[in-house]
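First comes the structure, then the notes that go with it.
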């Protein structure tokens, strides 16, 4: 079977089948990308500590034969992940002290975050929850009811954020049931879904999923996660168009990553292409200091300098807010306020 026919056959499968076929072995991924493992700073130990997981729908956008591809850098386990860097730890944004109920994070006024699942369609090497104790925090049926009771008892909560992991890893029945229960809480006005799946596994945006979201009595907001314009392939563009056609507001949050998007031109290209596909640039995060992700950090001074170039190039509505999530803070901190 040729590479082209293999991809065509794979993309004809449903999203669960595509997910089951994700790359989980370094040799398979490198073979598909025409890369020699000997020529890469790969660390098998890093992949054992935090597993490799890359759907073909994302890998297909990586330039074959290019060991420096910015998409490859986001998913390739390398030796730098094993370094112990001062200031980097297992809970960089203070999630654990914000646990109000199992699976419920209540950091900010008016909104709570539900940890719906610990799984994702892709394992990003810079993930701020790569060391999170998901086994203790996931919502079983009983724990989910306790979480909903917590939300119901606090009328100041107007927005519920579905997160994880990735909430779109839930099957349609689970997701529909949860949204239905949230619909019954009168003071909740919005359901915000944070998901990387529209970008890395666009087949997840099915007619059934769109019907579930469209039938909600609440305003649905989708926040996708895209770091580089090359991630926005035609399959992704089609999925984003379907979300917009359903009437869902779609925003993007990215992370400023060394060797991926730490250039003004790259960030401008990302914002332009996102907007072309109906997505509003929202946040650009300074790296959360998760153990194993230190090699992605861009210093504050450099980050601010890059953003000044972006601001000088783009209209204001295309400039994402450069922010830092700080443990214990009542809101995300603008990077300019950290100087």
* If you build a Gaussian network model of the chain, linking Cα atoms that sit under 10 Å apart, which residue out of 26, 83, 318 swings the most? -> 83
* To do: Provide the descending list of Cα extents for segment 269-339 along its principal axes, expressed in whole angstroms.
  => 35, 28, 22
* Structure fact -> At q = 0.24 Å⁻¹, the log10 of I(q)/I(0) for segment 3-82 from a Debye sum over equal Cα scatterers comes to -1.20
* Structure fact -> Counting only DSSP beta bridges fully inside the chain, the antiparallel percentage to nearest 5 is 20
* To do: Under 1.5 on a/c is rounded, so check that first for segment 1-149, then, if it is not, pick prolate when a/b is larger than b/c and oblate when it is not; a ≥ b ≥ c are the square roots of the alpha carbon gyration tensor eigenvalues.
  => oblate
* Structure fact -> One finds the C-alpha centres of segment 12-65 and segment 305-328 to be spaced, in Å, by 31
* Structure fact -> Listed with the fewest Cβ neighbours within 10 Å leading, 228, 10 appear as 10, 228
* Structure fact -> A student applying the Cα gyration tensor rule (rounded when a/c is under 1.5; otherwise prolate if a/b is larger than b/c, oblate if not) would label segment 127-226 oblate
* If you take the Cα Rg of the chain and divide it by 2.2 N^0.38 Å, with N the number of residues, what do you get? -> 0.97
* With each pseudo-label sitting 7 Å past Cα toward Cβ, what's the residue 207-residue 6 distance in nm, one decimal? -> 3.2
* **Relative contact order of segment 209-339, pairs being alpha-carbon contacts under 8 Å that are 6 or more residues apart, as %** => 23
* For the chain, calculated [θ]222 nm from helices alone, where every DSSP H run of n ≥ 4 adds -39500 (n - 2.57) -> -9500 deg cm²/dmol
* **Alpha-carbon Rg/Rh ratio, for segment 203-259, with Rh computed the Kirkwood way** => 1.02
* Asked: For the residue pair residue 66 and residue 85, what label-to-label distance in nm results when each label sits 7 Å from Cα along the Cα-to-beta-carbon direction?
  -> 2.4
* Residue separation times 0.36 nm, minus the C-alpha to C-alpha distance between residue 109 and residue 28: what's the value? -> 24.6 nm
* Mind checking the alpha-carbon convex hull of segment 111-184 and giving the volume per residue in Å³? -> 94
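Values in this text are rule-based calculations from the coordinates and carry no lab data. Being a predicted model, the structure only gives us computed values, none of them experimental. Glycine gets a Cβ as well: all are built from the backbone with ideal geometry, and neighbour counts include every protein chain shown.
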